[in-house]
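The values are calculated or read from the model by the stated rules, or taken from the named source; none is laboratory data. Computed from a predicted structure; not experimentally measured. Heads up, the Cβs are rebuilt from the backbone with ideal geometry, glycines too, and the neighbour counts pull from every protein chain shown.
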Amino acid sequence: MKVKHWMTSDPITVTPDTLLIDAKKIMREKSIRRLPVVDKGKLVGLVTYRNIIEASPSAATSLSVHELNYLILKLTVKDVMAKKPISVSPEDSVIDVILQGNAKGIGAFPVVDKGKLVGIVTETEIIQAMVHIFGTRKKSEIISLENVGPKESVGVFRKITEVIEPLNVPVLAMFSLPHRHSEAHRIYIRVETKKTKPVINALKEAGFEIGD
């Protein structure tokens with residue numbers, strides 16, 4: 001699955017000179033928490049609701065009410081935005097984006113194609129994609145295969161399909177993730193059946209190690 005199938009296309013944007021109070025108003029009215037920052041058609045930053053809150057003067061400040069109001073009214077997006085945010089391509093895999101977000105602690109990625117902002121993908125879209133992968137159908141189950149090494153990974157999906165097809169069990173999704181403590185991968189297969197024992201037995205006979 002690719003990012004382009006899950007991203008929010010043509011997202012609402014602001015410029016670096018947009019007043020912070022206006023950006024906050026847009027977020028509140030549109031029920032969003034992030035705004036890509038674009039300057040002359042180029043992505044230059046990302047401003048979040050958290051950026052805005054953190055930029056608000058502390059209640060412990062010694063400034064007067066008038067000074068506070070003046071300061072708040074002068075703040076612009078460029079004063080608080082994250083500059084040069086990490087972006088992804090619409091052709092990138094959702095799984096790769098999930099792994100990158102987890103590794104870097106990022107909850108949203110602007111989507112850029114040929115230098116142009118075309119979308120944004122956030123935790124909401126990522127969760128929706130994961131739900132689609134893992135499935136919520138009552139008639140489906142997930143089978144995991146352990147320790148699929150680099151050499152065995154070539155053509156492994158085809159081999160798995162050839163094992164399961166004769167059982168007349170639909171394969172709804174199949175993907176692999178690297179194992180945390182080795183070079184091997186763990187493969188997840190979502191099948192449209194609750195009776196997985198015949199599938200598991202066939203996979204074992206084909207030489208696969210079934211996960212817990």
In the range 1-26, what residues are assigned to a helix (DSSP H, G or I) and either crowded, with 18+ Cβ neighbours inside 10 Å or charged (D, E, K, R) (or both)? Val3, Lys4, Leu20, Asp22, Ala23, Lys24, Lys25
Filter the range 12-33 for residues that are modelled with pLDDT of 95 or more and closer than 17 Å to Pro85 by Cα and give the result. Ile12, Thr13, Val14, Thr15, Pro16
Being assigned to a helix (DSSP H, G or I) and under 23 Å from the mean Cα position of the chain (by Cα) is the filter here; which residues of the range 27-49 pass it? Met27, Arg28, Lys30, Tyr49
Need pairs with beta-carbon distance below 6 Å; first residue in contact (Cβ under 8 Å) with a residue 24 or more places away in the chain and surrounded by 12 or more Cβ atoms within 10 Å (Cβ to Cβ) and within the range 192-212, second assigned to a loop (DSSP other than H, G, I, E, B) and of a type outside the set (Asp, Glu); sequence gap 6+ or separate chains. Glu192/Lys139; Glu192/Ser140; Glu192/Pro170; Thr193/Val169; Val199/Val169
Only helices (runs of 4 or more DSSP H) wholly contained in the range 97-212 count here; list those with 3 or more residues that are at pLDDT 80 or above. 123-134, 156-164, 197-205
Of the conditions (1) on the phi > 0 side of the Ramachandran plot; (2) in contact (Cβ under 8 Å) with a residue 60 or more places away in the chain, the single one that Lys40 does not satisfy is (2)
